[in-house]
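**Student:** For reference, the structure I am asking about is given below.
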Amino acid sequence: MKITNNTKLYLLLICFVINFLYVAPSYSLNSQEDLFKKALNLSSRGEFNLALNQWNKYLELFPGDAAALSNRGNIKLVIGDPEGAIDDQNKAIDLDPDEVDPYINRGIAEESLGLWVQAKNDYLYVISKDNENFSALYNFANVEGSLSHWQSARNLFSRASESNPGFAMARSSMALADYQLGNMEESEKELKKLIRRYPTFADARAALTALEWSKGISGEAESNWIAVTELDSRYANEEWLMNVRRWPQKPIKDLMKFIALK
């Protein structure tokens, strides 16, 4: 893959979006750019421990690189060090306060610690600079959902999906918010659209399983659930749905009732 000055590699985790960003080093040394690219490639491939070591080496040589600090912060979050991630994002913001990605990434780390107000403020700042930033909109929606502000969450998921029409998780999350709000027809329609376009999308199939079972359409619910179990077994785990994927309460309750009867 050719890396240019404006390339951004997006890593979609199950409940939020982390931005691994590339900003060309300001130095002319080829060795610096090579080190940066190596660390970035390890990050995007999911080799997180190796990536952390590479970012550490890079930052020993170039401690004033804000993009590298933000990328290292992302790695720290993924491997379970949210406090270290926030520290790196703070340093990146101090060095380059006009770059929005560190604010998003700091918000994600704050979310992992349940610091909802701080995360919300970071996302609102980004949206004030770019009201179509789908990462900020989606992650802000997750915060609103965690606070049970489902109408606000639904609207934000909708805006995120409009900003990035191919962002299937935002559309599925919007449908789940509609489910929670009692807008069952809208939810079902959106979930079926998603499944037609993305037949192996487990999130939409699991949500439709719960919705169909709640309506008494047991045969179709069974068919969708068989597909889910082959695609992603985590959807049978209530704690994962609640705390990691962060589904709303009603679809979780309905899905668990469906599973309990099997």
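**Student:** Only residues that are of a type in the set (Asp, Glu) and part of a helix (DSSP H, G or I): list them for the range 124-148, please.
**Tutor:** So in the range 124-148, the residues of a type in the set (Asp, Glu) come out as 130, 132, 144.
Glu144 - this is the single residue of the range 124-148 that is of a type in the set (Asp, Glu) and part of a helix (DSSP H, G or I).
**Student:** Filter the range 206-221 for residues that are of a type in the set (Ser, Thr, Tyr) and either within 8 Å of Leu255 (Cα to Cα) or touching a residue at least 40 places away in the same chain (Cβ under 8 Å) (or both) and give the result.
**Tutor:** Residues of the range 206-221 of a type in the set (Ser, Thr, Tyr): 209, 214, 218.
Thr209, Ser214, listed by residue number.
**Student:** I would also like to ask the following. When the residues of the range 224-246 are filtered to those that are over 14 Å from Met256 (Cβ atoms) and among the small types (Gly, Ala, Ser), which remaining residue is surrounded by the most Cβ atoms within 10 Å (Cβ to Cβ)?
**Tutor:** The extreme case among them is Ala227.
**Student:** Would you mind finding the one in Val143, Val100, Val126 that is under 15 Å from the mean Cα position of the chain (by Cα), at negative phi, surrounded by 14 or more Cβ atoms within 10 Å (Cβ to Cβ) and free of Cβ contacts under 8 Å to residues at least 40 places away in the same chain? Reasoning before the result, please.
**Tutor:** Values: Val100 fails: under 15 Å from the mean Cα position of the chain (by Cα); Val126 fails: under 15 Å from the mean Cα position of the chain (by Cα).
Answer to the check: Val143.
**Student:** Mind checking whether some residue in the range 194-207 is assigned to a helix (DSSP H, G or I) and at pLDDT below 95? Let's see the steps before the verdict.
**Tutor:** To start, the set of residues in the range 194-207 that are assigned to a helix (DSSP H, G or I) comprises 194-197, 202-207.
Adding the requirement that they be at pLDDT below 95 leaves none.
Checking the range 194-207: not a single residue is assigned to a helix (DSSP H, G or I) and at pLDDT below 95.
**Student:** Would you please name the residue that is surrounded by the most Cβ atoms within 10 Å (Cβ to Cβ), looking only at residues in the range 149-170 that are part of a loop (DSSP other than H, G, I, E, B) and touching a residue at least 24 places away in the same chain (Cβ under 8 Å)? Working first, answer last.
**Tutor:** Pass one, the range 149-170, residues part of a loop (DSSP other than H, G, I, E, B): 149, 164-167.
With touching a residue at least 24 places away in the same chain (Cβ under 8 Å) added as a condition, the list becomes 164, 167.
Working: Asn164: 18, Phe167: 21.
Here the answer is Phe167.
**Student:** Let me confirm something: among Asp130, Asp178, which residue is outside the structural domain of Met242 (by TED's automatic domain parsing) and among the acidic types (Asp, Glu)? Quick ask: steps written out before the conclusion?
**Tutor:** Details: Asp178 fails: outside the structural domain of Met242 (by TED's automatic domain parsing).
Testing whether each residue is outside the structural domain of Met242 (by TED's automatic domain parsing) and among the acidic types (Asp, Glu) leaves just Asp130.
**Student:** Looking at Ile86, Ile93, Ile75, Ile108, which one is assigned by TED's automatic domain parsing to the domain that holds Ala51, within 17 Å of Asn49 (Cβ to Cβ) and either surrounded by fewer than 17 Cβ atoms within 10 Å (Cβ to Cβ) or touching a residue at least 12 places away in the same chain (Cβ under 8 Å) (or both)?
**Tutor:** Values: Ile86 fails: within 17 Å of Asn49 (Cβ to Cβ); Ile93 fails: within 17 Å of Asn49 (Cβ to Cβ); Ile108 fails: within 17 Å of Asn49 (Cβ to Cβ).
Of Ile86, Ile93, Ile75, Ile108, the one residue that is assigned by TED's automatic domain parsing to the domain that holds Ala51, within 17 Å of Asn49 (Cβ to Cβ) and either surrounded by fewer than 17 Cβ atoms within 10 Å (Cβ to Cβ) or touching a residue at least 12 places away in the same chain (Cβ under 8 Å) (or both) is Ile75.
The values are calculated or read from the model by the stated rules, or taken from the named source; none is laboratory data. Since this is a predicted model, take the numbers as computed values, not measurements. Backbone-built Cβ (ideal geometry, glycine too); neighbour counts: all protein chains shown.
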